[in-house]
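Comments concern the structure below.
The values are calculated or read from the model by the stated rules, or taken from the named source; none is laboratory data. In this text the structure is predicted, and so the values were computed from the model without any measurement. Using ideal geometry, Cβ is built from the backbone for each residue, glycine included, and neighbour counts are taken over all protein chains shown. Ligands, DNA and RNA are excluded from the accessible area calculation, which covers all protein heavy atoms including side chains. Shrake-Rupley method; radii C 1.70, N 1.55, O 1.52, S 1.80 Å.
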Amino acid sequence: MSVKVENVENVDVLARTQLVIETALKKMGYAESLYELLKEPLRLLTVRIPLKMDDGSVKVLTGYRAQHNDAVGPTKGGVRFHPDVTEEEVKALSMWMSIKCGITNLPYGGGKGGIQCDPRSMSFPELERLSRGYVRAISQVVGPTKDIPAPDVFTNSQIMAWMMDEYSHIREFDSPGFITGKPLVLGGSIGRETSTALGVSIVMNEAAKVLGIPIQGAKIIVQGFGNAGSYLAKFVHDAGAKVVGISDAGGALYDPNGLDIDYLLDRRDSFGTVTNLFPNRITNKELLIQECDILVPAAIENQITEENAWQVKAKLLVEAANGPTTTIATEILTQRGIMIVPDVLASAGGVVVSYFEWVQNNQGYYWTEEEVNERLHKILVDSFHNVYRTSQEKNVDMRLSAYMVGLKRMAEAVKWRGWV
Ligand code: NAD
């Protein structure tokens, strides 16, 4: 059954994802039965995790692990700790991971996990008990050749270390390949921390070349100054671009002559906040419609909507954040000739280096930073041009093209296995 939506702006993230998957599969001529298989994860595990709090009370939290499809190989994707985690969101995110792995040709399907909780209000020991409890709850369905978790919103290398340790205890052997995003001493990969931002800068470069925008001197606005946004601002600043605007949850800074990125990085706190130090802020809404060549949403979803898409001045929109542009805004920008490098391509650098980490763990042989960055560069340049070429040949927008490229290998693997 197909997704029928009157107003795609108002439906949830899962229905929006299903709509693009359905359109992409139809455009490629696949049977309806394939869509029936891929419109939902193959497996969704819901778990209840009892958590002993420091004051002696017990809280029971809900967690999930979704595995979209494993026809290509084990599933892979992050675990988020956030009060807004829902079953629908985890499902949709596992599907986005499938698309990212397909575009970058990694031997994985998509997975995702989450726990409904607020880690900002929890102590360190509570977080450790929660991380270990989650692994105990999902241990039967995950593993280095089954489903490999990673960090996501509000989870980090310390949480990955606890989870790896718990899994290794359960299995009774050291299992670094169970999870990625680990600290270096536990088998993490050099370059993982900055990989998403580096990936964004690589695909931005390729898109800018296609559009004839020299990065040297290009005016760039970055919304969000956390892991993705701040490292990206640094990379493009060092490459000679002029970062004219940045923002965080508290507001935005804009200077047409360029901001002092090194100074801002130095003053930023661990939550990616810096603008509160400056009285001359503008709002995030205002920032998105300022003069620039390249606009990079790197904060939260639904920032470019039908309300502001007509006023965006950039010639190129590179989606470092997941889901920053609504369906109608995508149509408006495409109609205006503004190129969009969609999230599933632009922010794929993180999962590519996670894959490198897993390969290194399996080999027990660790690569240099140059090797990591060179391999990341090649994969993302090829991925960008594959998506761009498909969009030109099939006359579709970059988002639909990315989904077509991202789903093709999974569709073929499903057919070869004889599933549909
Ligand atoms: P982060 O938590 O490190 O930083 C988020 C930044 O956004 C902070 O500067 C915060 O102040 C700002 N922010 C929060 N609410 C805002 C608002 N309403 N308006 C403007 N700014 C706001 O997060 P991150 O890891 O940098 O992730 C940012 C986006 O990139 C998310 O959509 C995430 O899913 C996506 N992403 C990140 C990675 C990664 O490896 N970090 C990988 C893929 C996708």
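Listed values, structure above:
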quantity: For region 234-294 versus region 12-47, the gap between their alpha-carbon centres in whole angstrom; calculated: 37 Å
quantity: Protein accessible area in region 147-241, 1.4 Å probe - carbon and sulfur %; calculated: 55 percent
quantity: Most mobile of 57, 131, 195 in a GNM of the chain (Cα contacts under 10 Å); calculated: 57
quantity: Assigned charges on the beta-carbon of Lys, Arg, Asp, Glu; region 1-158 dipole about Cα centre (debye); calculated: 440 debye
quantity: Backbone HN-Hα couplings from phi across region 170-177 [Karplus 6.51/-1.76/1.60, Hz, Gly and Pro as x]; calculated: 4, 7, 6, 8, 5, 10, x, x
quantity: Calculated from backbone phi, Karplus (6.51, -1.76, 1.60) coupling profile of region 226-236 in Hz, x at Gly/Pro; calculated: x, 4, 5, x, 6, 5, 4, 4, 5, 4, 6
quantity: Charge dipole (region 314-420, unit charges on Cβ, about Cα centre) - positive-most of 361, 386, 320; calculated: 386
quantity: Compactness of region 219-262, expressed as Rg and Dmax over alpha-carbon positions, Å; calculated: 9.3, 27
quantity: Alpha-carbon Debye profile of region 249-318, log10 I(q)/I(0) at 0.14, 0.16, 0.21 Å⁻¹; calculated: -0.47, -0.61, -1.04
quantity: Test item: Cα-centred dipole of the chain, Lys/Arg +1 and Asp/Glu -1 on Cβ, debye; calculated: 860 debye
quantity: Dimensions in Å of region 127-197 - Rg and Dmax from alpha carbons; calculated: 11.5, 36
quantity: Accessible area of region 76-132 belonging to carbon and sulfur atoms, whole % at 1.4 Å probe; calculated: 49 percent
quantity: Amide H contacts under 5 Å for residue 243, placed H, 5+ residues apart; calculated: 220, 259
quantity: Shape box of region 34-113 [Cα atoms, principal axes, largest first, Å]; calculated: 48, 24, 19
quantity: Evaluated over region 277-345, the Cα radius of gyration and Dmax, each in Å; calculated: 11.7, 39
quantity: More than 18 Å apart - percent of Cα-Cα pairs taken over region 307-372; calculated: 50 percent
quantity: Nearest-20 debye value, region 188-282 charge dipole, Cβ charges on Lys, Arg, Asp, Glu; calculated: 180 debye
quantity: 5 angstrom amide H check on residue 223, placed H, neighbours 5+ away; calculated: 296, 298
quantity: Rounded accessible area per residue of the chain, 1.4 Å, Å²; calculated: 42 Å²
quantity: Isotropic mean projected area of the C-alpha convex hull, the chain (nm²); calculated: 20.3 nm²
quantity: Per residue Cα convex hull volume in Å³ - calculated over region 1-147; calculated: 128 Å³
quantity: For region 191-196, Karplus couplings with θ = phi - 60° (6.51, -1.76, 1.60), whole Hz, Gly/Pro x; calculated: x, 5, 4, 9, 5, 5
quantity: Interchain or long-range residues, amide H under 5 Å from residue 341's placed H; calculated: 317, 318, 319
quantity: Overall form of region 290-420 per C-alpha gyration tensor (a/c, 1.5; a/b vs b/c); calculated: oblate
